[in-house]
Every structure is written in structure tokens, then in C-alpha cells.
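Notes to accompany the following structure.
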Amino acid sequence: MPKITVLPHPDICPQGAVIEDAPVGTSICRILLDNEVEIEHACELSCACTTCHVIVRQGFDSLEEATDNEEDYLDRAWGLEPNSRLSCQAVVADQDLTIEIPRYTINHAKENH
């Protein structure tokens with residue numbers, strides 16, 4: 001099973017995290033939550049917000065392409081990059097992944113500005 005490496009995030013996981021044996025066919029968000037990485041997920045994993053936005057630094061090509069619906073939501077994400085995904089929609093395949101959780105989400109920006 002693949003490994004997911006989460007790069008350090010100042011609030012969510014300051015030391016970063018390594019998740020060994022990530023179950024293939026499961027969303028990145030579900031795997032993070034099941035392994036005590038408390039990524040935001042305001043819509044409860046239903047692809048109706050952008051709070052679970054991640055940047056896939058390694059292994060992006062192993063993920064299925066984003067749907068049009070996911071792409072529409074990604075257009076609203078804070079800090080969008082070409083290898084951005086909503087972690088509730090990105091399903092782990094057979095390759096290791098390295099992900100970065102952006103420092104800010106759209107919710108964080110609204111709450112703090």
C-alpha cells in the first residue's frame with residue numbers, strides 16, 4: 001500500500017506526518033482524518049466547498065483526473081496551483097503521495113480579515 005507524506009503545517013500538523021499503508025481507493029481527506037491529521041472539511045467530504053484543498057507535491061499523476069465539479073470548486077480555493085486537488089475527491093491509487101496543506105483556506109481568510 002502507498003505512503004502519504006504530509007508536509008508540516010503550522011496549525012494542523014507542525015511536525016508533518018507520514019501515513020504508512022494508505023488504503024487504495026480511499027480519499028486523501030478520509031485517510032488524513034482517520035490518522036489524526038485534522039484537515040478542514042466543512043462540507044463533510046461532499047465536494048461542496050474548498051476547505052480540504054491540498055497541493056500534491058509528489059504522485060499527482062497517479063490520481064484520477066478531477067471532475068468538472070471539483071475543478072469549479074478548485075477555482076475558488078486559496079493558493080490554487082496546477083497540482084491542487086480537493087482531498088475529499090482525490091482517491092489514493094498505487095503510488096506514494098506527498099501533500100501540502102495550504103496555510104490558509106477560504107474559511108480562514110473570511111474569519112481573520
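Computed quantities for the displayed model
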item	result
Computed [θ] at 222 nm, deg cm²/dmol, the chain (DSSP H ≥ 4; -39,500 (n - 2.57); rounded to nearest 500)	-4500 deg cm²/dmol
The chain: translational diffusion in µm²/s, Stokes-Einstein, Kirkwood Rh over Cα pairs, 10 °C, 1.306 mPa s	115
Of Ala66, Ala22, Ala90, the one that fluctuates the most in a GNM where the chain has Cα springs shorter than 10 Å	Ala66
Extended-chain gain in nm, criterion 0.36 nm per residue less alpha-carbon gap, Asp94 and Glu81	2.4 nm
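Quick note: the coordinates plus some simple rules give every number you see, no bench work behind them. All values reported here derive from a predicted model rather than from experimental measurement.
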